[in-house]
1. Placing +1 on the Cβ of each Lys and Arg and -1 on the Cβ of each Asp and Glu in the protein assembly as shown, which of B:LEU35, B:LEU129, B:TRP88 has its Cα farthest towards the positive end of the resulting dipole?
2. What Cys residues in chain B are without a partner cysteine, judged by a Cβ distance under 4.7 Å?
3. Could I have the simple spin-label model distance between A:SER186 and A:ARG143, label points 7 Å from Cα toward Cβ, reported in nm to one decimal?
4. Give, to the nearest whole percent, the P(r) tail of the stretch B:39-204 beyond 29 angstrom, counting all Cα pairs.
5. From other protein chains only, count the Cβ atoms within 10 Å of every residue's Cβ in A:137-147, then give the mean.
6. Please compute, for peptide B:184-192, the average count of beta-carbon atoms on other protein chains lying within 10 Å of each residue's beta-carbon.
7. Counting each DSSP H run of 4 or more residues in chain B as -39500 (n - 2.57), what helix-only mean residue ellipticity at 222 nm follows after dividing by all residues, to the nearest 500 deg cm²/dmol?
8. Between the stretch B:14-57 and the stretch B:115-176, what is the C-alpha centre distance in whole Å?
Amino acid sequence: MQQLPDLIACKECDAVHRRLTLGHNEVARCSRCGAELERDMRDHVGRVLPLTIASLFMYVIANVFPVAGLEFHGAVNHTTLMGAVLSLGAEEMYLLAFLVFVTTILFPLFQLLGLIYLLISISGTGRRSHGLNLWVRMIQTFRPWVMVEVLLLGAIVAFVKLTSMATVFPGPALWALGGLALLFASVLSFNPRYIWHMAPPERRKKLATAADRTSAAPSAEKAVTAKPESP
Amino acid sequence: MKTAARLGMVLCGHCAALWKDVQAHDRCGRCGARLHPRKPDSLSRTWALVIAACIMYLPANLLPVMITASFPREEQQDTIMSGIIYFWTSGSWVLAVIVFIASFLVPLFKLAVMILLLVTAWRHSSWRLLERTRLYRIVELIGRWSMLDVFVVSLLAGLVQIQGFATVHAGPGIVAFAAVVVLTMFASMSFDPRLMWDTGAPEQEKPDE
C-alpha cells in the first residue's frame, strides 16, 4: 500500500486531480462535478481554538440557565434544555428524549471538548498517536448530529407559538443559544481532516520528497504512470 | 476523465489521503480509517433506510405530534399539518412558512430525491449527472433542518407543564417524525454519489487505457 501525496480524488465523482498548492483562502474544486476538493485553512487554524473555548462558555450558559419562562394565571414555569429532555423522559418518550439529548447536549459538548483536546495536543508536540486518530474520526462522524442551530430556530418557533397562549419571557439560555449557533457555524467550518495537514516535521519532509519526485509530471495521469518506487 | 477506481486507487473517506495497491481490509496509513473503494453496500443500505423512512412517513403525518390540554378549553391534538395551519390562521405567516418548509417540504423532497438518486444509480443512468450530484449535495445540507419540529415539541412539552391549567405532551407522531429525519439522514450518509459517476459517466463508452 502506497500513498499518492500529490494527487487528490474527488469524494463525489471519483475524478483524480493533481493536488494544487493553494494560495490564501483559496478553494480547489473538482473540474468534473464542482465538489470542494481542498480548502486553504492556514488562516482559520489559529482561530479555531479561541472560538471553540468561547463556544464552551456559551454552551455552559445555554445549559445551566432556563431557555424560556412561562407565566399562566399567576403560575410560573421555567425550563432548561435538560429540563425539556427530562420531561420527555417522564412521559416515557425515551427514544425522543435520547435523540434530543444527544443532538443538543451530548454531541455539541463532545465536539467542543474533542476539538479543544485535539488542537492542544497537536500544537504541543505535533505528534499524533493512534488514539488521537480515532478521536479525529469520531469528531468527524458525529458532526452531522450536532444540531445547535436547528435547536435555536426551534426555540424561537416554540417561543412565538406560546406568545398567543400565555405570557412568555426569554431566558438567558435563549441568547446563549444564539451566540453558540453563531460560534458553532465558525468552529464547524474547520474540517478536522485538515489536522492531517499539520503533519509532524519528519513526516512533512517525507511528503515533500515524494512530491518532488513526481513534480515534473504535468498531469494527474502522468504522475500515476510514472510509478514511483515503493519505499 | 481518470477516476481513482479505474486507476486502482482508493480514497480515504475520512482524511482524503489517496492510496494505491490497497488490499482488502487495509486501513488508511494516515488516519487509520478502513479503506473502501466505495461506501460498503451503498445501494442496498440506502434502499433499506429510504423504505423504512417512507413507512414512518405515514404515522409521522397522520398521528398527533402534540397534545395540548389547557384548562378552559378541551384537549387539542395537533398533527404536523394542523400545527402549520394554526400558525397561518393565527397570523404568524413567517413561522408558518418556516415550519412548512422544514417539516413538510424538506422530508418530502429528501425522500423523493433519494428515491430518484437510487433508481438512476441502480439503472446505471448517465442522465443529468451534474444535476443529480447537486441534488445529493442539497439533500445532505438541508436534512438536519427537519429536526425543527422535534425540538419545538420537546421545548413546549418541557415548558408548558402547569398542572391543572395547561400542559403540553409530545404525541406519538413526533416519534415517527423523528424516525423519518434520522433514517433519511442515515440514508443520505450511506449513499455513495460516486456510484452515479461510475456507471453513468459518458467517458466510459470510449475505452480508455
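1. B:LEU35
2. B:CYS54
3. The modelled label-to-label distance comes out at 1.8 nm.
4. On the way: 4192 of 13695 pairs.
Roughly 31 percent, once rounded to a whole number.
5. Numbers: counts 8, 0, 0, 5, 3, 0, 0, 7, 4, 1, 7.
Across A:137-147, the average partner-chain Cβ count within 10 Å equals 3.
6. On the way: counts 0, 2, 1, 0, 1, 2, 0, 0, 3.
Across B:184-192, the average partner-chain Cβ count within 10 Å equals 1.
7. Numbers: 8 runs with 107 residues, N = 209.
That comes out to -16500 deg cm²/dmol.
8. Centre-to-centre (Cα) distance: 23 Å.
Read the figures in this text as sums done on the coordinates, not as results from a lab. Everything numeric in this text was worked out from a predicted model, so none of it was measured. Quick reminder, even Gly has a Cβ in these numbers, built from the backbone with ideal geometry, and neighbours come from all protein chains shown.
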